[in-house]
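Peer 1: The structure under discussion is supplied below as structure tokens; questions concerning it will follow.
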Amino acid sequence: MADFIGVIIEESLNDKSVLSLVKITDTRIEPVTEHHATAWLNQWTIHTVAVSENTANNVAEKISQSLDPNHGSRKSGSDKSPVT
């Protein structure tokens with residue numbers, strides 16, 4: 001089975017324990033700029049993650065339940081894909 005690859009911004013999580021459900025393959029830290037539109041943060045901790053196909057639905061559900069409810073998601077760029 002193939003892995004799904006994605007990105008999780010740690011600061012978007014209300015419950016960071018969900019990071020234990022994924023394999024973190026890379027981490028980078030970006031200082032927050034005006035472009036990020038998250039003035040309440042000093043940095044973004046951006047994890048590249050892999051999730052196995054057989055656990056992806058369960059992991060996605062747990063991540064969606066752990067998102068910071070005070071700041072929600074926003075739309076980015078012209079593709080209108082959610083950024084969380």
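Read-outs throughout are calculated quantities, based only on the coordinates presented, and are distinct from any laboratory measurement. Owing to the predicted nature of the structure, the values given are computational and were not obtained by experimental measurement. In this analysis, Cβ positions are derived from the backbone assuming ideal geometry, glycine residues included, and neighbour counts consider all displayed protein chains.
Peer 1: Only one of (1) part of a strand (DSSP E or B); (2) among the hydrophobic types (A, V, I, L, M, F, W, C); (3) in contact (Cβ under 8 Å) with a residue 40 or more places away in the chain is not met by W44, so which one is it?
Peer 2: If we test W44 against (1) part of a strand (DSSP E or B); (2) among the hydrophobic types (A, V, I, L, M, F, W, C); (3) in contact (Cβ under 8 Å) with a residue 40 or more places away in the chain, just (3) comes out false.
Peer 1: Okay, moving on. Can you tell me which residues in the stretch 1-22 are within 13 Å of the chain's Cα centre (by Cα) and either β-branched (V, I, T) or more than 17 Å from L67 (Cα to Cα) (or both)?
Peer 2: Matches in the stretch 1-22: I5, V7, I8, I9, V18, V22.
Peer 1: Looking at V18, V51 in this structure, which one is in contact with a helix residue (DSSP H, G or I) (Cβ under 7 Å, 6 or more places away or on another chain) and in a helix (DSSP H, G or I)?
Peer 2: Of the residues listed, the single one that is in contact with a helix residue (DSSP H, G or I) (Cβ under 7 Å, 6 or more places away or on another chain) and in a helix (DSSP H, G or I) is V18.
Peer 1: Just give me the residues in the stretch 5-20 being hydrophobic (A, V, I, L, M, F, W, C) and surrounded by fewer than 15 Cβ atoms within 10 Å (Cβ to Cβ), in sequence order.
Peer 2: Passing the criteria: I5, V7.
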